[in-house]
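The values are calculated or read from the model by the stated rules, or taken from the named source; none is laboratory data. Model, not experiment: these values are computed from the prediction. All Cβ positions, even for glycine, are placed from backbone atoms using ideal geometry, and neighbour counts span all protein chains on display.
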């Protein structure tokens with residue numbers, strides 16, 4: 001049996017590392033690199049999507065796409081990606097509006113709400129592709 005199929009927890013861990021690394025490289029490419037942005041929520045690619053699609057893909061390869069465990073992983077992956085694209089993206093828009101509203105009023109607080117907590121669909125798609133590729137490669141070594 002394949003090493004990664006036996007220690008399947010390593011697949012999402014390596015997918016996370018790959019996605020975070022690529023997120024940093026993308027930040028360097030767009031000249032917006034920061035460690036906080038690279039390790040934080042939001043941005044290209046979606047680390048959440050990479051993580052959940054890698055474990056879902058690995059479980060699909062190991063147990064088959066008609067297995068109960070793959071179905072459970074797929075449903076949770078869909079919920080997480082939906083949340084990243086819709087709910088957390090909208091929360092980021094609300095944070096941006098609140099930050100703008102706060103700037104219009106004089107306040108002694110220097111704290112701003114985090115505006116980059118969700119993902120655009122292309123960011124989630126890129127993360128998903130990374131997760132699928134990492135899982136396929138590792139499950140076939």
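Return the pair list, or none, for Cβ contacts closer than 9 Å from residues in the range 56-81 that are on the phi > 0 side of the Ramachandran plot and surrounded by fewer than 17 Cβ atoms within 10 Å (Cβ to Cβ) to residues that are modelled with pLDDT of 95 or more and in a helix (DSSP H, G or I), at least 6 apart or on different chains.
As it stands, the answer is 64/70, since those pairs meet every condition given.
Of all residues in the range 4-18, how many are surrounded by 18 or more Cβ atoms within 10 Å (Cβ to Cβ) and not in a helix (DSSP H, G or I)?
1
Considering only the range 19-53, state which residues are within 11 Å of the chain's Cα centre (by Cα) and either more than 15 Å from residue 120 (Cβ to Cβ) or part of a helix (DSSP H, G or I) (or both).
Step one: filter the range 19-53 for residues within 11 Å of the chain's Cα centre (by Cα), giving 19-20, 23, 39-53.
Selection gives 19, 20, 23, 39, 40, 47, 48, 49, 50, 51, 52, 53.
For the range 95-114, give me each residue that is in a loop (DSSP other than H, G, I, E, B) and either modelled with pLDDT under 65 or closer than 22 Å to residue 41 by Cα (or both).
106, 107, 108, 109, 110, 111, 112, 113, 114
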